[in-house]
Amino acid sequence: MTTSLTRRATAVSGALLATAALTLAAPLAASAHVHVEPGQASAGSYTTLTFKVPNESATASTTSVTVDLPTDTPFTSVSYLPVPGWTTTVTTAALPAQVTVGDATITEAPVSVTWTAVDGVGITDGQFQEFPISAGPVPETGSVELPAHQSYSDGTVVDWAEATPASGEEPEHPAPTLYIEDAPPASEDAGMAAGSGSGAEMTVASASDSDAATAAADASTSASLAVGLGIGGFALGAIALVVAAVALLRRPASREAGR
């Protein structure tokens, strides 16, 4: 009798744990990647971009990160904030074609920024690191993609370089994107808000006008509501499982009492 009850209680407990794991893992898996937050800036401004890089390997550490800067609409000025334990290199090169910025003709510009961990330093499992730069002026275009390349100590390189389609459906390895004046797609906004609590993203914090800030706040509120509804659904499911467990545990006791 006791053994049977114990087995049933163990089975129900396992079901509860599995439900919790699946419910909580879903949003984390969707947000654990490189993206921008709030990802908006005003054309012509100089913007501070803080890249927040999570480590996604349980067996290797992140040892370097390279971000590609646009060459068709280049930033003419890029500077960086030193990060302890990391060296930073801003690479300037000739542009594929000359570009006119204001009254100036630009033939070369910063094309990438690379952060490399010194010996014994890196981003390990469960950690993230922030890498700030200042860039500008922001071009007058709808958006700027900033592909990122994350290198691990085991030789693995993850390229966050896929463009987000017009449908807004996020690809497996999306490129961080800085939106000029416009708000990011709804799906990307939700991913950024969900990941901000987990520390499992790469973000670009940019200076923007009041309209952009308002749009970002609205998106964050919507994402928080979605997360709250998900947690509420999990709670209801857990309560249902507990009720079922109690019923299973009481049933044998009732039969024994009736004998």
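The values are calculated or read from the model by the stated rules, or taken from the named source; none is laboratory data. Here the structure is a predicted model, which means the values were calculated and not measured. Every residue, glycine among them, receives a Cβ derived from its backbone with ideal geometry; neighbour counts consider all protein chains shown.
Give the stretch 152-186 a look and list any residue that's small (Gly, Ala, Ser) and crowded, with 19+ Cβ neighbours inside 10 Å, or say none.
The answer is 175, and nothing else.
Of the residues making up the stretch 115-124, none is assigned to a loop (DSSP other than H, G, I, E, B) and closer than 21 Å to residue 45 by Cα. Pairing each residue of the stretch 48-74 that is touching a residue at least 12 places away in the same chain (Cβ under 8 Å) and on the phi > 0 side of the Ramachandran plot with any residue that is of a type outside the set (A, V, I, L, M, F, W, C) and not in a strand (DSSP E or B), provided the two are 6+ apart or on different chains, yields no C-beta distance under 7 Å. Residues satisfying the criterion are absent from the stretch 83-106 (criterion: crowded, with 17+ Cβ neighbours inside 10 Å, of a type in the set (A, V, I, L, M, F, W, C) and within 20 Å of the chain's Cα centre (by Cα)). All conditions in (1) more than 21 Å from residue 136 (Cα to Cα); (2) surrounded by fewer than 13 Cβ atoms within 10 Å (Cβ to Cβ); (3) modelled with pLDDT of 50 or more hold for residue 25, with the sole exception of (3). Which ones in the stretch 55-82 are among the aromatic types (Phe, Trp, Tyr) and not in a strand (DSSP E or B)? 75 - this is the single residue of the stretch 55-82 that is among the aromatic types (Phe, Trp, Tyr) and not in a strand (DSSP E or B).
Given the criteria over 23 Å from the mean Cα position of the chain (by Cα), aliphatic (A, V, I, L, M) and at pLDDT below 95, does residue 43 qualify? Yes, satisfied.
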